[in-house]
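Q: I'd like to ask you about the structure that follows.
Please treat every number below as a calculation from the coordinates, not as lab data. This one's a predicted model, so the numbers in the text were calculated from it and none came from an experiment. Every residue, glycine among them, receives a Cβ derived from its backbone with ideal geometry; neighbour counts consider all protein chains shown.
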Amino acid sequence: MKNEKITIHSPHSGHSSFLILHLLCCLLPLLAACGSKGNGHASSEATKPLITVTIEPLRYFTQAITGEQFEVVSLVPRGASPETYDPTPAQLVDFSHSRAYLRVGFLGFEQTWTDRLQTAAPHLRVFDTGHGVDYLLSPETEDHDAHTGHTHTGPEPHVWTSTANARILAANVFRALVSLDSSQADLYRSRYDSLLTVINRTDSLCRSLLSRPGASRSFLIYHPSLTYFARDYGLLQLPIEEGGKEPSPARLSRLIEESRSTGARVVFVQPEFDRRHAEMVARQTGARVVSINPLAYDWPAEMLRVAEELVK
């Protein structure tokens, strides 16, 4: 096994997660021999070598560079939260057939499962595609130290919602693919250059949209997944969630006042979270509730849609 620039954490696991891993270790030889279906995307009988990634946006970047050379599957399915998702036994079996695992960096799923996945598939090469990102700190990843009594603030994990970060992710994916298959380095370089063109065009269009007169410079959002998007374009993100938990009445009251004072006209909600608090804030402020999916496969379209909604 060979790891590429990766820091592995070992948080405490839940009882159900332990049972899944125990089941995998017991049944993996039998299941691997029979073959199984993964997350609706892959089969152990696939003719192309397999690469596993954590989320759909990373699958987009990886597929864009690899083309037809690899089959690329994501572990966290549509509509699931990468902070809390547990893979199915079938996914874990498919994972054992992968040539490599490309992770974002600090998603809750990755913090909980990376070391377990490597235990189940020790041959696997792991690449951290967030290596080199200028991480912001986020209370959403707070970790309480029982020995010192202090709470540590961790890196904000939603790095792909930034065109600047997307260039870093793409470069790391390109290097990983060349490391896995150097015979196709020229092909990967060509496709990587094409992906950079798409990323740069997406950035240019977002900047053009958000520079229009009347474009909102602030927005509300239930789960603060657009922190890097806001940083890139000089916007103010007002998260409804408080430390990863539902907001208190005092928090909601402050948010309503702040959204009024900053002129926020949009409340973004994601499919994996409850809409009730977002709709209540919208009623109090007159803002529009807009559904977005930062975890969508079509990364350029979703980035542009966020910018377009701030211009409406």
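Q: Relative contact order for the range 214-300: what percent, with Cα pairs under 8 Å and sequence separation of 6 or more?
A: Computed value for the range 214-300: 30 percent relative contact order.
Q: How many angstrom lie between the Cα centre of the range 75-97 and the Cα centre of the range 262-310?
A: 26
Q: Sort 183-196, 210-223 by packing, meaning the average of other beta carbons within 10 Å per residue, with the highest value first.
A: Working: 183-196: 15.6, 210-223: 17.3.
Sorting 183-196, 210-223 by mean packing, highest first, produces 210-223, 183-196.
Q: How big is the range 211-311 in terms of Cα radius of gyration and Dmax, in angstroms?
A: 12.7, 37
Q: If you take the C-alpha gyration tensor of the range 100-139, multiply each eigenvalue by 5 and take the square root, what semi-axes do you get, largest first, in whole Å? Show your work: numbers first, answer last.
A: Details: eigenvalues 93, 32, 5 Å².
They are 22, 13, 5 Å, listed from largest to smallest.
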